[in-house]
1. Within the stretch 30-123, what whole-number % of the accessible surface is contributed by carbon and sulfur, with the 1.4 Å probe and all protein chains included in the calculation?
2. Please identify every one of the trypsin sites (Lys or Arg not before Pro) in the stretch 16-75 that sits in a loop by DSSP and has no more than 15 other beta carbons within 10 Å of its own beta carbon.
3. Give the long-range amide H neighbours of Leu86: residues separated by 5 or more places, or on another chain, with amide H under 5 Å away, using H modelled in the peptide plane at 1.01 Å from N.
4. For the chain, what is the accessible area per residue in Å² when the probe is 1.4 Å?
5. Quick one: Karplus J couplings for the stretch 2-7, per residue in order, coefficients 6.51, -1.76, 1.60, θ = phi - 60°, nearest Hz, x for Gly and Pro?
6. In nanometres, what is the gap between the two model label sites at Ser100 and Ala56, each 7 Å from Cα along Cα-to-Cβ?
7. Residues with beta-carbon under 12 Å from that of Trp113, excluding Trp113: net charge, scoring Lys, Arg +1 and Asp, Glu -1?
8. Out of residues 5 or more away from Tyr112 or on other chains, whose amide H comes under 5 Å of its own, with H placed 1.01 Å from N in the peptide plane?
Amino acid sequence: QMHLVESGGGLVQAGGSLRVSCAASGRTFSSYTMGWFRQALGKEREFVAAISRLGARTYYADSMKGRFTVSRDNAKNTVYLQMNSLKPEDTAVYYCAASSGGVISSYASYEYWGQGTQVTVSS
């Protein structure tokens, strides 16, 4: 079992930046691709970004490219999501998740999930 805990969410003005973190425990962190998803109120959960096991490859949803950056520190068992140029439509609960394989952008590929952290962007 892997335990994931997100932190760093909060309220930020449009155009601002925020970094959310996800600390992992219980499994070998570097064995998993790590992903970020988000879910806005009344909407389906959507893929945000992912990073490969050793951090060599990153993947982004089209609407996040150039604004969001995913990174990981395997020595700290932590994955990060740096979010810049935030927009009100980025308001959502952000979840990190761990995958041992499968389609990167599909939530069905992820076995473990954190509880989520709220990010609210005011206009």
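1. 48 percent
2. Listed in order of number, the matching sites are Lys43, Arg57, Lys65, Arg67.
3. Gly15, Gly16
4. On a per-residue basis, 50 Å².
5. 10, 10, 10, 10, 8, 7
6. Modelled inter-label distance: 2.2 nm.
7. Result for the local shell: -1.
8. For Tyr112, whose amide H was placed from the backbone, the distant partners under 5 Å are Ala98.
The values are calculated or read from the model by the stated rules, or taken from the named source; none is laboratory data. All values derive from a computational prediction rather than experimental measurement. Don't worry about glycine lacking a Cβ; one is built from the backbone with ideal geometry, like all the others, and counts go over all protein chains shown. Areas reflect the complete protein model, heavy atoms only, side chains present, ligands, DNA and RNA absent. Shrake-Rupley method; radii C 1.70, N 1.55, O 1.52, S 1.80 Å.
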